[in-house]
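To start, the structure under review is shown below, and the notes come after it.
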Amino acid sequence: MEEFRIDMRKPEEADMAEGIRCAQLCFKINHTMPYTEEYNALVKELFKGNIGESSRVMPPMTVIRGNNVKIGRNVVVMNNALFMAAGGITIEDDVLVAANAQLISNNHDLHDHAVLTCKPVLLKRNCWIGAGATILPGVTVGENAVIGAGAVVTKDVEANTVVGGNPARVIKRL
C-alpha cells in the first residue's frame, strides 16, 4: 500500500473543517446517553453514514478525520478508542475492538514533523483487537486474527493467527 503525505503547514480548508467537525461531534457523542436515537444519529454523522447495521462505538471516543473511516456490520468498538484516520481506516464486518485500542493510520515524518505520513489501516472480517492494542499505519489485520491486549502491531497480521507483544509477533495459529 502506498504512502501519501500531508503538509500540515499548508492545511486545506476542507481538512481544517473536518477537524473541527470531528472534534465537536466527538464532544457531543461523549456527552450523550448511549443507546439512544440521538446518540446513534451523532455517531452516524461522525462517520458520514459509513457505519453498518448493528454496529456500535461506545463513548468516550476520539476520532480524527471521521470522513476517512468505514465500519462494517455487527462491529463493536469499546470505550476510549482512538481513530487517527488521515490515511484511512476500514473495519470489515463482525470485528471486535476492545477498550483503549488505538487505530492509527498516520504518523509524522522523522525529519519534518510538520508532514504527516499516511497509510491505511484495514481490519478484516471477524478479527479481534485486544484492550489497549495499537495498530500502526499500513497494517492489515487478517480475517479471524486476534491481537493480544497491549500489543503494538507494526506489520500485517496473517489470517487465523494470534499476535501479541511490542512489537507484536505470532504467538500461535488458529
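Please find, within the range 93-102, the residue that is nearest to Glu3 (Cα to Cα) out of those that are out of contact with any Leu (no Cβ under 6 Å at 6 or more places or on another chain) and assigned to a loop (DSSP other than H, G, I, E, B). Quick ask: steps written out before the conclusion?
Residues of the range 93-102 that are out of contact with any Leu (no Cβ under 6 Å at 6 or more places or on another chain), as a first pass: 93-94, 96-101.
After this cut, where a residue has to be assigned to a loop (DSSP other than H, G, I, E, B) as well, the list is 93-94, 98-101.
Details: Asp93: 25, Asp94: 27, Ala98: 27, Ala99: 28, Asn100: 26, Ala101: 23 Å.
It comes out as Ala101.
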Task: Counted residues, the range 142-171 - those being of a type outside the set (A, V, I, L, M, F, W, C) and either open to solvent by less than 20 Å² (accessible area, probe 1.4 Å) or within 18 Å of the chain's Cα centre (by Cα) (or both) - done: 10
TODO: Would you confirm whether any residue within the range 119-136 is more than 20 Å from Phe4 (Cα to Cα), in contact with a Phe, Trp or Tyr (Cβ under 8 Å, 6 or more places away or on another chain) and assigned to a strand (DSSP E or B)?
DONE: no
Open item on the list: Residue pairs, Cβ under 8 Å, 6 or more apart or interchain, first in the range 97-121 and more than 22 Å from Thr140 (Cβ to Cβ), second among the acidic types (Asp, Glu) and part of a strand (DSSP E or B). List them.
Closed with: Ala114/Asp7; Val115/Asp7
Task: Residues located in the range 49-65, provided they are touching a strand residue (DSSP E or B) at 6+ places or on another chain (Cβ under 7 Å) and either over 14 Å from Gly19 (Cα atoms) or open to solvent by less than 20 Å² (accessible area, probe 1.4 Å) (or both) - done: Asn50, Ile51, Gly52, Ser55, Arg56, Val57, Met58, Met61, Val63
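Got a number for residues in the range 103-117 being part of a loop (DSSP other than H, G, I, E, B) and touching a strand residue (DSSP E or B) at 6+ places or on another chain (Cβ under 7 Å)?
Filtering the range 103-117 down to residues part of a loop (DSSP other than H, G, I, E, B) leaves 105, 109-114.
Filter once more, so that each one left must be touching a strand residue (DSSP E or B) at 6+ places or on another chain (Cβ under 7 Å): 105, 109, 114.
Here the count works out to 3.
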TODO: Determine which single condition Thr32 fails, assuming it passes every other condition in (1) under 18 Å from Lys70 (Cβ atoms); (2) among the polar types (S, T, N, Q); (3) touching a helix residue (DSSP H, G or I) at 6+ places or on another chain (Cβ under 8 Å).
DONE: (1)
Task: the range 1-21, residues that are open to solvent by 90 Å² or more (accessible area, probe 1.4 Å) and within 19 Å of the chain's Cα centre (by Cα) - done: Met1, Glu2, Arg5, Ile20
- [ ] Only residues that are open to solvent by less than 40 Å² (accessible area, probe 1.4 Å) and within 19 Å of Pro120 (Cβ to Cβ): list them for the range 22-48, please.
- [x] Cys22, Leu46, Phe47
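The values are calculated or read from the model by the stated rules, or taken from the named source; none is laboratory data. It should be emphasised that the depicted structure is a prediction, and the values quoted were computed from it without experimental measurement. Reconstructed Cβ throughout: ideal geometry from the backbone, glycine too, with neighbour counts over all protein chains shown. Each accessible area value is taken on the protein alone, full model and side chains, heavy atoms only, with ligands, DNA and RNA left out. Shrake-Rupley method; radii C 1.70, N 1.55, O 1.52, S 1.80 Å.
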